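To start, the structure under review is shown below, and the notes come after it.
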Amino acid sequence: MKLYEIDREIEACIDFDRLDALQMERTAKLEGVACWIKNLTADAKAFREEEKAPAERRRQAEKKAESLSNWLTNALQGEKLSTAKVAVSFRKSEALDVINERDFLDWAFENGRDDLFTYQEPKVDAKAVKDAIKGGADIPYARIEVRQNIQIK
């Protein structure tokens, strides 16, 4: 029997024995769903933990590969290496290193060089707005919404 059918029969029931049986059936149905949620939550947690192990091994392998790559770069000093199993060569690339970002931005502003930086859209600091409202500030277009979050243990 579906939960809404159980609820409908409870409302229409005059027989107290049947009413007790329906109440127990309703409780059993609700308990079953809650246990199912509890099991699914535990499964999801276990899956998440299983996902972490390969990700950690991947990070360790990437770190080791980067470390060995740095070692090989220092050992070869730009010299090529070619064998039957591997070929190592170097290509030039360029990267910008801004030595002091604050001083650079000050200089750019003073010299009218706003083409050298980008602007970002402002983002709402939810924690700051929430704290301000809780502190009594009148903030239009924002409110604290109270939610009911189910907890199953």
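Values quoted throughout were computed directly from the atomic coordinates according to the rules given, and no laboratory measurement underlies them. Quantities reported herein were computed from a predicted structural model and do not represent experimental measurements. So basically every Cβ, Gly included, is an ideal-geometry build from the backbone, and we count neighbours across all protein chains shown.
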Seminar exercise, completed: Once phi for every residue in the stretch 117-129 is put through the Karplus expression 6.51 cos²θ - 1.76 cosθ + 1.60 (θ = phi - 60°), the whole-Hz ³J(HN,Hα) values, with Gly and Pro written as x, are 8, 10, 9, 10, 5, x, 10, 6, 8, 4, 5, 5, 5
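Only helical DSSP H runs with n ≥ 4 go in: add -39500 (n - 2.57) per run for the chain, normalise by residue count and round the 222 nm mean residue ellipticity to 500 deg cm²/dmol.
Numbers: 4 runs with 90 residues, N = 153.
When only DSSP H runs of four or more count, the value is -20500 deg cm²/dmol.
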Exercise. Taking the alpha-carbon centroid of each part, what is the distance from the stretch 1-55 to the stretch 67-118 in angstrom?
Worked result: 59 Å
Problem set entry | Dimensions (Å) - the stretch 1-90, Cα atoms, principal axes, largest first | 93, 18, 16
For this session: Work out the charge dipole of the stretch 81-140 with +1 on the Cβ of Lys and Arg and -1 on the Cβ of Asp and Glu about the Cα centre, then indicate which of ALA128, PHE90, THR118 is farthest towards its positive end.
Result: PHE90
Exercise. Residue by residue through the stretch 92-105, which ³J(HN,Hα) values in whole Hz follow from phi under the Karplus form 6.51 cos²θ - 1.76 cosθ + 1.60 (θ = phi - 60°), with glycine and proline marked x?
Worked result: 7, 9, 10, 9, 7, 10, 7, 5, 9, 4, 4, 5, 4, 5
Problem set entry | the chain - Debye-derived log10 I(q)/I(0), Cα point model, q = 0.09, 0.13, 0.16, 0.20 Å⁻¹ | -0.85, -1.06, -1.09, -1.18
Seminar exercise, completed: Calc'd 3J(HN,Hα), the stretch 17-23, phi into Karplus 6.51 cos²θ - 1.76 cosθ + 1.60 (θ = phi - 60°), Hz, glycine/Pro = x, comes to 5, 5, 4, 4, 5, 5, 4
Problem set entry | Ranked by how many other beta carbons lie within 10 Å on average, peptides 87-98, 133-144 from highest | 133-144, 87-98
